Amino acid sequence: MENPNLIIISGGPGVGKTTVLDELARLGIAYAPEVARQIIREQVASGGNALPWGDREAYTMLMLARSIGYFLAHTPAPARTFTDRGLPDTLAYARRIGLRNTREIEDACRRYRYAPMVFLAPPWKEIYHTDGERKQSYAEAEATYLDVVEVYRDCGYEAIELPKVSPPERAGFMLEKIHSGRGYDSTHH
């Protein structure tokens, strides 16, 4: 199932994804929020343990189910819609935590296809911060980014690294790449 109007922005934690999505929303472009943060909020509020610092396998399976649900809810996307992370992020997380059986996640990544061009926000120490839901160190954020780049490439997406510029400039960069249809791969690691 392909959804070429559903465009992913991903990367490690704390690198400005939501901020640039808010900028795009200000320009009238819709986006689907990140499922991981919603799951964390719900689990904390309900006293659940399906959390990155609790039952990580249960957390991963909730991310998978919620990501599929978001994909289906936004398919077909009649207009360009951005999404804060996608199904391949669940695969990157599963690999990161050493989940033994990732077949269901891999199958979902093959079955549900987003726009071929994926925007990746690189680690950016000057803007990185932690909070109650984002507890990773900056080194962990860097490692997560490398995992995300690898998974998106493994899944056959064109990875386009966002420049480290202001949110309006990042939004403009993304829109220019989409309009030109000429993405480039600048993630050299």
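Observations
- Loop-located chymotrypsin sites (Phe, Trp or Tyr not before Pro) in segment 1-92, at most 13 other Cβ atoms within 10 Å (DSSP): Trp53
- The charge dipole of the chain, taken about its Cα centre with unit charges on the Cβ of Lys, Arg, Asp and Glu (plus for the first two, minus for the last two), comes to roughly 180 debye.
- The mean sequence separation of alpha-carbon pairs under 8 Å and at least six residues apart, normalised by the residue count of segment 35-94, gives a relative contact order of 31 percent.
- Candidate aspartates and glutamates for bridging to Lys164, where Cα separation is under 14 Å - those fewer than 8 sequence places away on the same chain excluded: Glu126
- Here is the P(r) of segment 6-180: all C-alpha pair distances, binned every 10 Å from 0, give 10, 40, 39, 11, 0 in whole percents.
- Over segment 39-117, the reciprocal of the mean inverse Cα-Cα separation, the Kirkwood hydrodynamic radius, stands at 13.4 Å.
- Helical mean residue ellipticity (222 nm; -39500 (n - 2.57) per DSSP H run of 4+; nearest 500) of the chain: -15000 deg cm²/dmol
- Peptide ranges 113-121, 18-26 listed from the most packed, as the mean C-beta count within 10 angstrom indicates: 113-121, 18-26
- Least to most buried among Ile97, Ile68 (fewest other Cβ within 10 Å first): Ile97, Ile68
- Considering every alpha-carbon pair of segment 1-93, the percent of pairs per 10 Å bin, from zero through the bin containing the longest distance, is 16, 46, 31, 7.
- Relative contact order (%) - criterion: Cα under 8 Å, at least six apart; region: the chain: 34 percent
Every number here is computed from the coordinates shown, using simple stated rules; none is lab data. What you are looking at is a predicted structure, and each value in this text was computed from that prediction instead of being measured. Here Cβ is always computed from backbone atoms with ideal geometry, including for glycine, and neighbour counts include all displayed protein chains.
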